[in-house]
Amino acid sequence: MPRLRTIATAAASALALLLALPGSASADVAGEFFKYSYTDANGTHDGDFGEVSLDSKCFDVPEVASGKVKYAFEPHNQTQNVAYLYTTRGCGGSKFVVANGASGPETLKFASVIFLPDE
């Protein structure tokens, strides 16, 4: 009986340790940020998408989508994916590429973005 109790205690301890370990991050979230600037009637501001989804979805810049501004500029791609920037909402118009960890120039104007893994 003492041996069975020892085995049960060890198994319970192993299970508790397994549950205490952090899980892997979701495959759908980069966990990093994509930042940009925009100018409205009150001046120039910084904006960001927060944590971005890696599901190939097109994201309109929130300030563009709300009609507050026509475009954003000076992108900073701090995600692990490549950012494909588009000049119009809905990922239309001309396309520009900003590599992961890179920034685009202040002159790069965009309204929407898709994040895709680096090929």
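Taking amide H positions as placed in the peptide plane 1.01 Å from N, state which residues far from Glu51 in sequence (5 or more) or on other chains have amide H under 5 Å from it.
Correct list: empty.
So, how do all the Cα-to-Cα distances of the stretch 40-113 break down into 10 Å bins, in percent, from 0 on up?
Percent of pairs per bin, in order: 20, 58, 21, 1.
Taking the Cβ of Phe110 as the center, what net charge do the other residues with Cβ under 11 Å away carry, scoring Lys and Arg +1 and Asp and Glu -1?
Spelling it out: positives minus negatives among the neighbours equals +2.
Going 7 Å from the Cα of Lys95 toward and past its Cβ, which residues in the stretch 49-87 have a backbone nitrogen under 15 Å from where you end up?
Answer for this model: 56-59, 82-87.
Running Debye on the stretch 76-119 with equal point scatterers at the Cα sites and no solvent, what base-10 log of I(q)/I(0) appears at q = 0.19, 0.22, 0.30 Å⁻¹?
For the stretch 76-119 at q = 0.19, 0.22, 0.30 Å⁻¹, log10 I(q)/I(0) is -0.50, -0.66, -1.08.
Just read off the accessible area of Cys58 with the full protein assembly in place, 1.4 Å probe, to the nearest 10 Å².
It works out to around 40 Å².
Largest first, how would Asp40, Asp48, Asp60, Asp118 line up by accessible area (1.4 Å probe)?
Asp118, Asp48, Asp60, Asp40
The values are calculated or read from the model by the stated rules, or taken from the named source; none is laboratory data. None of these values were measured; they are calculated from a predicted model. No Cβ is skipped: glycine too gets one built from the backbone with ideal geometry, and neighbour counts run over all protein chains shown. The area values use the complete protein model at the heavy-atom level, side chains included, leaving out ligands, DNA and RNA. Shrake-Rupley method; radii C 1.70, N 1.55, O 1.52, S 1.80 Å.
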